[in-house]
Amino acid sequence: MNRSLVLVVNCGSSSLKLAIVEPESGDRFVEALAERLFTAQAGMTIHFREAGKTVIRLPDADHAQAFEVFAAHLSTEKEMNSRIIAVSHRVVHGGEYFRCPVLVDGDVLQKIDACSGLAPLHNPANLQGIHAAIRHFPELPHVAVFDTAFHQTLPETAYVYAIPYELYEKHQLRRYGFHGTSHNYLMLEAARKLGRPADQLNLLTLHLGNGCSACAIRQGRSVDTTMGLTPLEGLVMGTRSGDLDPGLILHLLEHMDFSPKEVDELLNRRSGLLGLSGLSNDMRTLAQAAQSGNRQARLAIEVFCFRLAKTIAALSVSCSPLDALVFSGGIGENSVQIRQRTLTWLAPLGFAVDEQKNSVHGKDSNGRISPMSTPDVRVIPTDEEVMLARGAASLIAGESP
Ligand code: AMP
């Protein structure tokens, strides 16, 4: 039987990721990635499951031009085109407006635009993608799925900063949290693996990719998370510093002649694993360098794990008694060493690792990598695209989220 498909659109600041996904099975029929947009090196790879890969150079292209090239390739696939029932857009910041996927209309576009001040790199790019897709597929429903939505259940105690309250009331300066689509997916997958309803589970989910965040989930609701007003807060990441003393920023501005733009660049693009190691933001590169005796790489990995363990301990207050700790994202799913080191730091809280199960990423034990007598720790691969596809499909079908 030919089932319905959803076109999933994910616009980064200089990239465009597209996929045609079957919501139920999660099967991908087409995947495309345009990178380095706005530069002379811009290019796109389109991978049709049946017909194979095409690589296209797109010098200086923007999101709209890349989308046009993708749509032109897609137009020859008449049968597949006819099965697409919706376009689902990842939108980074939904502020306090959105708690679940919504149909895109004038009001939604205006609200996404209103949140651009809070996500200046992401929301304008997301809007570009939405406009380009609407131009090409005006007859299809377009759905927006927000990175912040899953965290809209955070209690006030977890989302306010300890600064004058009127800054929240008048300017919405609060913690929002990101990677919500991934944490939501991990919750549902953990529930499936544990064989229990999500709303009866207490979980701690770790999305550890180039960006990293952790989320405390209590009975199916996000109750604390590490990213804040922006994705800069929290864990050590590939190029982002995560938490630091705000006094350090004042010092850079007042005593070291940094401009706000330079501080932004320093903390978002030159810090984290890259800043500490002076070598790379990529954990695989650092793991190899550390093994060859590179001290800075070793330090970067050690700081990453220590800060992660400290954060897990802190988040535990919101989700005890814990049913499972979940590792995910490129690092969480693949790095035996990072999981081992982090869990070793957590031994005082009773966590332990089964070395054999960890070495095969829990693949033979339904994801479980901890001994049975200790807290349940799982490795679960994330899949944001399938959540985006499902979010749109259930909205179209009129199901409640
Ligand atoms: P993501 O953003 O989820 O694609 O994750 C990217 C991060 O995952 C990069 O830091 C990669 O180096 C890391 N990663 C992928 N595979 C491995 C691996 N086998 N061991 C360690 N890190 C990995």
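Summary table
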read-out: Alpha-carbon centroid distance for the pair region 203-236 / region 32-94, whole angstrom; value: 30
read-out: Alpha-carbon Rg with Dmax, taken over region 237-290, Å; value: 12.5, 39
read-out: Dipole axis of the chain (+1 Lys, Arg; -1 Asp, Glu on Cβ), positive-most option in L194, Y176, T311; value: L194
read-out: Gain in span if fully extended, L103 to H171, counting 0.36 nm per residue against the direct Cα distance; value: 21.9 nm
read-out: Region 240-342, relative contact order in percent, only Cα pairs under 8 angstrom and at least six apart counted; value: 18
read-out: Near-label residues of region 23-51 by backbone N, under 20 Å of a point 7 Å along Cα→Cβ of N81; value: 29-33, 46-51
read-out: Net length gained if the chain between Q110 and R36 were fully extended (0.36 nm per residue, minus Cα distance); value: 23.9 nm
read-out: Lysines with Cα under 27 Å of K111, excluding same-chain neighbours fewer than 8 positions away; value: K17, K170, K261
read-out: Exposure proxy ranking, count of Cβ atoms within 10 Å, fewest first, for H255, H131, H361; value: H255, H131, H361
read-out: Theoretical ellipticity at 222 nm over the chain - DSSP helices of four or more residues, -39500 (n - 2.57) apiece, nearest 500; value: -11500 deg cm²/dmol
read-out: Mean Cα-pair separation over length for region 1-107, i.e. relative contact order, pairs under 8 Å, 6 or more apart, %; value: 25
read-out: Dipole in debye (nearest 20) - the chain, about Cα centre, beta carbon charges: Lys, Arg +1; Asp, Glu -1; value: 900
read-out: Cα gyration tensor category, rounded, prolate or oblate, for region 217-334 with a/c compared to 1.5; value: oblate
read-out: Packing-based exposure ordering (other Cβ within 10 Å, fewest first) of F258, F304; value: F258, F304
read-out: Under 13 Å from K310, Cα to Cα: aspartates and glutamates that are on another chain or at least 8 residues apart; value: D243, E302
read-out: Extension gain, Y161 back to E50 (0.36 nm per residue minus Cα-Cα distance, nm); value: 34.9 nm
read-out: Which of F146, M283, I396, positive extreme of dipole for the chain (C-beta unit charges); value: M283
read-out: Percent RCO, i.e. relative contact order, over the chain, from Cα pairs under 8 Å lying at least 6 residues apart; value: 14
read-out: Of the DSSP H helices in the chain, those whose Cα atoms cover at least 15 Å axially and whose Kyte score averages -1.0 or more; value: 63-74, 123-136, 180-194, 295-315, 384-396
read-out: Dimensionless Rg/Rh of the chain - Kirkwood Rh, Rg from C-alpha atoms; value: 0.96
read-out: Neighbour-count order for I84, I20, fewest beta carbons within 10 angstrom listed first; value: I84, I20
read-out: Among G367, T39, A119 the positive-end extreme of the charge dipole of the chain (Cβ point charges); value: G367
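Every read-out reported here was derived from the displayed coordinates using simple, explicitly stated rules and does not represent laboratory data. What you see is a predicted model; the values in this text were computed from it and never measured. Note that each Cβ is placed from the backbone with ideal geometry, even for glycine, and that neighbours are counted across all protein chains shown.
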